[in-house]
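The values are calculated or read from the model by the stated rules, or taken from the named source; none is laboratory data. This structure is a prediction, so every number in the text was calculated from the model and none was measured. Cβ atoms come from the backbone with ideal geometry, glycine included; neighbour counts cover every protein chain shown.
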Amino acid sequence: MNAKTRARTAKSLLPGQGTLYLMALPGILFFFIFSYLPMFGVILAFKNYNFAGGIFGSPWAGFDNFEFFFTSPDLYRITFNTLFLNFLFIVFGTLAAVVTAVLLNEIRSKVSARIFQTFIFFPYFISWIVVSLFLGTFLSSERGIINQLLSAIGLDRVEFMNSPGLWPAILVVVYLWKSTGYGLVIYLAAITGINPEYYEAARIDGASRFQQIIRILLPQLRPTVLILLILAVGRIFYGDFGMIYALVGDNGQLYPTTDVIDTYVFRSLRTYGDIGMTSAVGLYQSLMGFLMVVLANWISKKLSDEKKGVLY
Amino acid sequence: MVEHKSVSYRLFNSINYLFFSVIGIACLVPFLIVLGSSFEAEQNLKEAGFALIPKQFTLYSYETVFQLNSVMQSFLVSVTVTVIGTLSALLVTSLLAYPLSQREMKFRSLILGYVLITMLFSGGLVPWYILITKYLHLKDTLWVLIVPYLVNPFNMFVLKSFFETIPREIVESARIDGAGHFRSFLNIVIPLSTPGLATIGLFYALAYWNDWWLSLNFIESDKLMPVQLLLKKMISNLTYISSQVDTSKFIQVPANGVQMATTIISIGPIFLVYPYIQKYFVKGLTIGSVKG
């Protein structure tokens, strides 16, 4: 086959599509380098890594890296914290977003509703680092706002920075403060999308506003809630590093309730430089995370009776 | 509407307004506290920790910040990364999203699956870290703050949905007139998708501006430290800035005030443009949540 006929064959296979592939190429390469190449790197979990040997030249270690992690109490602690905190975020986050969306929808003045939404959505745009400074002004032991208020009314100060038991609640409050606006926007869009004829019919039947919310609005919101819940469950093995590390940082006293898989992995890699063990924890997280995604997608398929789940 | 005038409805309505006023204020208060503190004299800040309304109004914290080379350098790094990052990410993402929005593309579903898999499974932090430091040699470069975020799969899918809303006839008529895929993308699709591109561009700009994950992992040189990482260092160590300053120049660096002022400058741009850009975010989130 000479070059000309080969070119013609290629052209008949993909009529004018060469350009499309050429356009997609940088994006495809990006995912190959930054997502697919690291996937091959999971073999590090089975290696005794040394810098000179690199990923491929280092000697094999069998399951030693896993043995170390699976026999340490850390496994239970960080898995529990990750799942428990995410569970709290999902439950309270969904409740807060749905309730504020329903209530905001009841505010008839468009201008007021817009102003309220603008305020509530604002924290979503602030970085976790800045949030940690905000939190510090409230919680610091000597000069924090809460402790100044407590001592002003004659109560004992609370040492937030060494009271790990309080932190799941603190993290939930901060999470709600920062993320409710995000959920609110999504649910409000779903509420506005409801066909007004449903309300019309209900009004003719004499349904009160409250009954309309219970019988029409909430059931109509169900699919959106389910989609977001399922997506969140698929990510339940991934802690929010940006949040936890910004707010807790290297405060070891808070680790019992706040250390999640992601902060643990970061610390093992950067502070202790334990490549093998850290890779083993990372692989454990990726596999569990993958299982959760498959499970979540399977559930969504069952619930919707469709051939396609939420994700694939 | 008779029901809206009932007593119980009016009571509910007032409580509802009160509820949202309280929540709305709660969402702004931390910001206002730091804003007030940034204008407070250092001595008062040291004692009280914060000031919603400054007792002794001063611009000294801001004057100091603008004279601190390390802080100005960090802002320069963040602005550079955000501008170059957003433009490059927008380019690469739309170049990938457009072909995937064209139904006649032959291996379309294969490539879509290829992108989707990256959302489902990851190799974890360690291989990614070693790849970037040991094999790509990107540690302590400006590129490491940009390149790893060039394509966000979620943004890619949102943009693809935007492109799919453009009527096929418009693109097809251009193709019949002899324009190639790239020409019709550049001259027809891009101008028609400015709202979509603005939305995704803002998502990227916010991600780059607020990011500290990349700098935390890969930046050691002070010259390349973005403002979020600098703030992180200031917050965990109040003397971080004073330790970097030529002491002959300042009698005393107002550490608390500098921290507050730097924070305000770092969210200032967002605060100012936020009311105008909010609608784009709302649009992006709405499409993203429906299309997933």
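Just give me the residues in the stretch A:162-201 being surrounded by fewer than 17 Cβ atoms within 10 Å (Cβ to Cβ), assigned to a helix (DSSP H, G or I) and hydrophobic (A, V, I, L, M, F, W, C), in sequence order.
Those that are surrounded by fewer than 17 Cβ atoms within 10 Å (Cβ to Cβ), assigned to a helix (DSSP H, G or I) and hydrophobic (A, V, I, L, M, F, W, C): A:Leu166, A:Ala169, A:Val173, A:Ala201.
For the stretch A:13-63, what are the residues that are over 24 Å from B:Lys134 (Cα atoms) and either in contact (Cβ under 8 Å) with a residue 40 or more places away in the chain or crowded, with 20+ Cβ neighbours inside 10 Å (or both)?
Answer for the stretch A:13-63, where residues must be over 24 Å from B:Lys134 (Cα atoms) and either in contact (Cβ under 8 Å) with a residue 40 or more places away in the chain or crowded, with 20+ Cβ neighbours inside 10 Å (or both): A:Leu20, A:Met23, A:Ala24.
For the stretch B:163-202, what are the residues that are of a type in the set (A, V, I, L, M), closer than 15 Å to B:Arg103 by Cβ and not in a helix (DSSP H, G or I)?
B:Ile166
Look through the stretch B:132-142, keep the residues that are in a helix (DSSP H, G or I) and under 25 Å from the mean Cα position of the chain (by Cα), and return whichever of them is farthest from A:Leu37 (Cα to Cα).
In this case the residue turns out to be B:Thr133.
So which of A:Gly154, A:Gly193, A:Gly165, A:Gly183 is out of contact with any strand residue (DSSP E or B) (no Cβ under 7 Å at 6 or more places or on another chain), among the small types (Gly, Ala, Ser) and at pLDDT 95 or above?
None of the other options fit; the residue is A:Gly165.
How many residues, within the stretch B:197-224, are under 18 Å from the mean Cα position of the chain (by Cα) and within 18 Å of A:Arg270 (Cα to Cα)?
Qualifying residue count, the stretch B:197-224: 5.
What pairs come out if I take residues in the stretch A:281-293 that are at the interface with chain B (Cβ under 7 Å from one of its Cβ atoms) and touching a residue at least 60 places away in the same chain (Cβ under 8 Å) and pair them with residues that are part of a helix (DSSP H, G or I) and among the small types (Gly, Ala, Ser) whose C-beta lies under 8 Å away, six or more apart or interchain?
A:Gly282/A:Ala45; A:Leu283/A:Ala45
Restricting attention to the stretch B:161-176, report how many residues are closer than 17 Å to B:Tyr280 by Cβ and either within 22 Å of the chain's Cα centre (by Cα) or buried (at least 16 other Cβ atoms within 10 Å of the Cβ) (or both).
Number satisfying all stated conditions: 3.
Exactly one of (1) under 25 Å from the mean Cα position of the chain (by Cα); (2) modelled with pLDDT under 95; (3) within 30 Å of B:Ile146 (Cα to Cα) is unmet by A:Thr82. Its number?
(2)
Go through B:Thr58, B:Thr86 for me and flag whichever is more than 19 Å from the chain's Cα centre (by Cα) and more than 14 Å from chain A (Cβ to nearest Cβ).
B:Thr58
For residues that are assigned to a helix (DSSP H, G or I) and either of a type in the set (Lys, Arg) or facing chain B (nearest Cβ under 7 Å) (or both), tally how many sit in the stretch A:121-135.
Total meeting the criteria: 9.
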